[in-house]
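Take a look at the structure below.
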Amino acid sequence: MPALMTPHPKMSLMCSVSISSGTRSPAIERSHRLLLRSALCGDEDALSAWQEWTADYGFASIDEKTRDLMPLVHRNLKRAGAEYPWPKQLEHRGHLCQFVNRDRIRVMAEVVGLLADAGIPCMALKGAALILAYYEELGLRPMGDFDVLVPTEQGERAFALLQEHQWKLDEMLAGKEAEIATDAMPGVNLVNDADDKCDLHWHIFHDCCFPSADLVFWDQATSLKCHGQRVWFLSPTDMLLHTCVHGSMRNGAPVTRWIPDVVTIIKTSGSQIDWERLLEEARARSFIYILQHAFQAMDEVLEVAIPQGFRERLADSPVALRERLEYSVRRRDKNYKFTLIGRWCQLSRYYPKRGFCWKLLNFPSFLTKVWHVRRYRDLVPYLFKVGFLYGWRHLLGKRSDDDDGSGRL
């Protein structure tokens, strides 16, 4: 693995173009778009967007999603020299975020140290990794829990070790200890007596849980010291891909969080991103359509310096029908992992060279594993139950975002 990463390098000069593939990203609410521009654009554009937002919406419109964006907005406007009244509860938001993040990163370092003592390398993912490696201040990005990744072959051992040290399964998975399998799920949600929440992963992507899925990411990983512990991080290329894919899920990061993450990665480490490899990894995992929509959504907010050749190749990349269907379900259903389309696409990623008939014959066996159904005869009633609940929610005009059945991972 490479040596220590270099934080915040200067980004090389690149040109920006828009994707013209005909795909259409989900529209971003105007209020969110203005706040994102206030947080991410240069001085003049940021001030203009802020004035427009305060005139049309104001602080009374702030919701849970936009509240988390306020520390970044505040910092960017101060940097632009703006003078404006700022409610005290929002002024303190960044300080509170910094305090909470510092504590969670400390607990994460303890988990990393515990695993390291047992000879298990540990990689920080998502919020903790972004805050430590890309954001300039601890309080600029909130994190509700912390995510760590261990090598796939060490997953069960790491899980057992954390259980021995007072980490237990979150209530959602309670009673399913015997069903945990590293080849069927990306990880588990853990909580300790102090109510600290740790998402232990042995796979990075929910839909890529086959044994060799993460080897390339470990090979490209970089590291730095955190509270005296060596913590591994995804390379900027892989961090960018992971952030885009996670943001595509309905239960993933909201647009007011993942777009700032993507922009921050590109601005701080653009010169270290291997754009050709990004395209190759997305193509190998059937994430091209996700990547196209992610960059389109970013274009709605601001222009980011990205090589023209990459944008053109991304726009021209062919997309399979199942990839389009999967993306539609990802965006629509928070319980995406319980949909047949989602699991069929997952099976196709596991066995890309197998034919349709082979996949069809092995699909029931695959479903019993990923859905933790013990016997084949239980699969039909389980499918009926899932289908009935899914249809009932949509009959009532409710999307499944009211049900957090998919957990934190």
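The values are calculated or read from the model by the stated rules, or taken from the named source; none is laboratory data. Bear in mind that the values here come from a model prediction, so they are computed numbers and not experimental data. Quick reminder, even Gly has a Cβ in these numbers, built from the backbone with ideal geometry, and neighbours come from all protein chains shown.
Listed values, structure above:
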{"read-out": "S348 vs. criteria touching a Lys or Arg at 6+ places or on another chain (Cβ under 8 Å) and either over 28 Å from P254 (Cβ atoms) or of a type in the set (D, E) (or both)", "value": "yes"}
{"read-out": "Positions within region 91-149 being basic (K, R) and part of a helix (DSSP H, G or I), in sequence order", "value": "R93, R102, R104, R106, K126"}
{"read-out": "Residues that are over 29 Å from L77 (Cα atoms), buried (at least 23 other Cβ atoms within 10 Å of the Cβ) and touching a Leu at 6+ places or on another chain (Cβ under 9 Å), drawn from region 88-122", "value": "V111, C122"}
{"read-out": "Residue match in region 385-396 (condition: under 24 Å from the mean Cα position of the chain (by Cα), assigned to a helix (DSSP H, G or I) and at pLDDT below 55)", "value": "no"}
{"read-out": "Single condition F210 does not satisfy, out of (1) without any contact (Cβ under 8 Å) to a residue 40 or more places away in the chain; (2) assigned by TED's automatic domain parsing to the domain that holds G155", "value": "(1)"}
{"read-out": "Condition check for V231: in contact (Cβ under 8 Å) with a residue 12 or more places away in the chain and touching a Ser or Thr at 6+ places or on another chain (Cβ under 9 Å)", "value": "yes"}
{"read-out": "Index of the failed condition, V231 passing every other in (1) closer than 28 Å to A297 by Cα; (2) at pLDDT 90 or above; (3) outside any helix (DSSP H, G or I)", "value": "(1)"}
{"read-out": "All positions within region 311-364 that are aromatic (F, W, Y), assigned to a helix (DSSP H, G or I) and over 16 Å from I290 (Cβ atoms)", "value": "F338, W344, Y350, F356, W358, F363"}
{"read-out": "The lone exception for E44 - which of (1) over 29 Å from the mean Cα position of the chain (by Cα); (2) among the charged types (D, E, K, R); (3) surrounded by 14 or more Cβ atoms within 10 Å (Cβ to Cβ) it fails", "value": "(3)"}
{"read-out": "Some residue of region 292-307 being under 23 Å from G187 (Cβ atoms), touching a residue at least 60 places away in the same chain (Cβ under 8 Å) and of a type in the set (D, E)", "value": "no"}
{"read-out": "Failed item in (1) under 19 Å from L241 (Cα atoms); (2) surrounded by 21 or more Cβ atoms within 10 Å (Cβ to Cβ), with D333 passing the rest", "value": "(1)"}
{"read-out": "Any chance A305 is assigned to a helix (DSSP H, G or I) and of a type in the set (G, A, S)", "value": "no"}
{"read-out": "Among (1) outside any helix (DSSP H, G or I); (2) in contact with a Lys or Arg (Cβ under 7 Å, 6 or more places away or on another chain), the one test that L279 misses", "value": "(1)"}
{"read-out": "Residue identified as touching a helix residue (DSSP H, G or I) at 6+ places or on another chain (Cβ under 9 Å), assigned to a loop (DSSP other than H, G, I, E, B) and of a type in the set (S, T, Y) among T182, T237", "value": "T182"}
{"read-out": "Enumeration of residues in region 203-216 that are touching a Ser or Thr at 6+ places or on another chain (Cβ under 8 Å) and within 16 Å of C122 (Cα to Cα)", "value": "H203, D214"}
{"read-out": "Filter result for A82 (surrounded by 12 or more Cβ atoms within 10 Å (Cβ to Cβ) and over 28 Å from the mean Cα position of the chain (by Cα))", "value": "yes"}
{"read-out": "Tally, over region 225-251, of residues that are of a type in the set (A, V, I, L, M) and under 24 Å from V107 (Cα atoms)", "value": "3"}
{"read-out": "Long-range neighbours under 6 Å by Cβ, at least six apart or interchain, first residue farther than 13 Å from D183 by Cβ within region 362-376, second hydroxyl-bearing (S, T, Y)", "value": "V373/Y382"}
